[in-house]
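Below is one structure; the comments refer to it alone.
The values are calculated or read from the model by the stated rules, or taken from the named source; none is laboratory data. The model shown is predicted, which means the values in this text are computed figures rather than measured ones. Cβ: placed from backbone, ideal geometry, glycine included. Neighbour counts: every protein chain shown.
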């Protein structure tokens, strides 16, 4: 592949990255909220157990996200991503075969492992293929794969379940799994680790001990982690019980709830692209603060006394910003730590995201069982999103390029970051 064709090929990488997120995350995780009412009825488990199943999925995700970040830096995303899609697809099929809560939990954990191995490298590799000027835009486009899944799943799942009867939820998981397995083969054929002439390959990345020291000593990374935790905790409550809130507390039919879920998907279809572009222009810090504030409003509207206007406004507001935070965080990792360490840094930050995602649905489900309503769970989500606003505002701004290929924070933190980068560069091979 000549250099000119290699530059054009980045658009194929971008499209394939979006489809990878569509399968592993969009179908594997967000499909769960749509299938949940029928699946819960079929297996006979409580709201607390429903939240726990989501927690199993997210626990698998966070464990593999850390491993995948390091593995992608070492072996390249072309090897890691198809393997992740394969595991996620098998996990979805096994979810459809589950005979009880125990087997469903193991299947959901396996799906989470595959999603973690797919999503982190897919977002981080945009830092390799795209410059800082378009990094937010590219990362945002990749995470919009989740929105595409919502648009398809929202209206399709209720009709599949209605047509197939009591076992319809199982059919949904079989279809999700089959699509994801096909995408695993496509990813293996399409993906490339880096453009031709882009420099050293993944194996030449900074040694793991030096890389982790750089990341762990970075105040920027820890503040970004708090934002990511708040996002994961709050939005997973919102998404996991979205359909249940509508059907249980607001009197919606499953079809009407599915239509509103689809509206959320349509509203979110370009959110990653739009907010990625905004973050390229006004900075990651400001963009994160604005998005988190919109989430506070959206979750509060869902927590209030259910009305058609409030619930619809909430779905649209959340949709307009839904998946923008992962894209902005992925771009921020490339900015601060450079393309080669972006996947490792994103893997570290995904621990914060994953812990928030893992405990959010369990706590939210337990609160719903205790109060016999999902309203208090959504107030908790709104309060946690507000913590994300504050953490984003406390992040340092990034300035000029450093010698390590990333940007550095201004002021005293920036000087420490620059010295840390210099030490790491000196100790690398």
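Residues 350, 362: which one is part of a helix (DSSP H, G or I), within 19 Å of the chain's Cα centre (by Cα) and surrounded by fewer than 24 Cβ atoms within 10 Å (Cβ to Cβ)? Just a single option satisfies the conditions, and that option is 362.
Residues that are in contact with a helix residue (DSSP H, G or I) (Cβ under 6 Å, 6 or more places away or on another chain) and either surrounded by fewer than 21 Cβ atoms within 10 Å (Cβ to Cβ) or within 18 Å of residue 40 (Cα to Cα) (or both) within the stretch 57-73 comprise 57, 66, 70, listed in sequence order.
Screening residue 49 with (1) surrounded by fewer than 24 Cβ atoms within 10 Å (Cβ to Cβ); (2) modelled with pLDDT of 85 or more; (3) farther than 24 Å from residue 360 by Cα gives one miss only, at (3).
If you check 135, 78, 108 for being surrounded by fewer than 24 Cβ atoms within 10 Å (Cβ to Cβ) and in contact (Cβ under 8 Å) with a residue 60 or more places away in the chain, only one passes: 78.
Being over 22 Å from residue 384 (Cβ atoms) and in a helix (DSSP H, G or I) narrows it down to one residue among 222, 266; which is it? On inspection, the qualifying residue turns out to be 266. Would you call residue 139 assigned to a helix (DSSP H, G or I), closer than 23 Å to residue 283 by Cβ and touching a helix residue (DSSP H, G or I) at 6+ places or on another chain (Cβ under 9 Å)? Taking the combined requirement at face value, the residue satisfies it. Quick check on residue 330: is it within 29 Å of residue 244 (Cβ to Cβ) and either in contact with a strand residue (DSSP E or B) (Cβ under 7 Å, 6 or more places away or on another chain) or assigned to a helix (DSSP H, G or I) (or both)? The answer is no for residue 330.
Before we move on, is residue 310 buried (at least 19 other Cβ atoms within 10 Å of the Cβ) and either outside any loop (DSSP other than H, G, I, E, B) or modelled with pLDDT of 90 or more (or both)? Considered against the rule, which asks whether it is buried (at least 19 other Cβ atoms within 10 Å of the Cβ) and either outside any loop (DSSP other than H, G, I, E, B) or modelled with pLDDT of 90 or more (or both), residue 310 comes out as no. Suppose we filter the stretch 365-374 for residues that are surrounded by fewer than 18 Cβ atoms within 10 Å (Cβ to Cβ) and either under 23 Å from residue 61 (Cβ atoms) or in contact (Cβ under 8 Å) with a residue 40 or more places away in the chain (or both); how many remain? Number of matching residues: 3. Are any of the residues in the stretch 162-174 buried (at least 22 other Cβ atoms within 10 Å of the Cβ) and under 24 Å from residue 79 (Cα atoms)? Within the stretch 162-174, none of the residues are buried (at least 22 other Cβ atoms within 10 Å of the Cβ) and under 24 Å from residue 79 (Cα atoms). Is it the case that residue 252 is in a loop (DSSP other than H, G, I, E, B), surrounded by fewer than 24 Cβ atoms within 10 Å (Cβ to Cβ) and touching a helix residue (DSSP H, G or I) at 6+ places or on another chain (Cβ under 6 Å)? Judged against the criteria, residue 252 is a match.
No other residue among 342, 322 is within 30 Å of residue 249 (Cα to Cα) and crowded, with 24+ Cβ neighbours inside 10 Å apart from 322. Of all residues in the stretch 255-268, those satisfying the criterion of being surrounded by fewer than 19 Cβ atoms within 10 Å (Cβ to Cβ) and touching a residue at least 24 places away in the same chain (Cβ under 8 Å) are 255, 259, 263, 266.
Identify the residue in the stretch 277-286 that is within 19 Å of residue 220 (Cα to Cα) and in a helix (DSSP H, G or I) and, among all such residues, is modelled with the lowest pLDDT.
280
Tell me, yes or no, whether the stretch 392-406 has at least one residue that is part of a helix (DSSP H, G or I) and at pLDDT 85 or above. Yes, there is a match, as at least one residue in the stretch 392-406 is part of a helix (DSSP H, G or I) and at pLDDT 85 or above.
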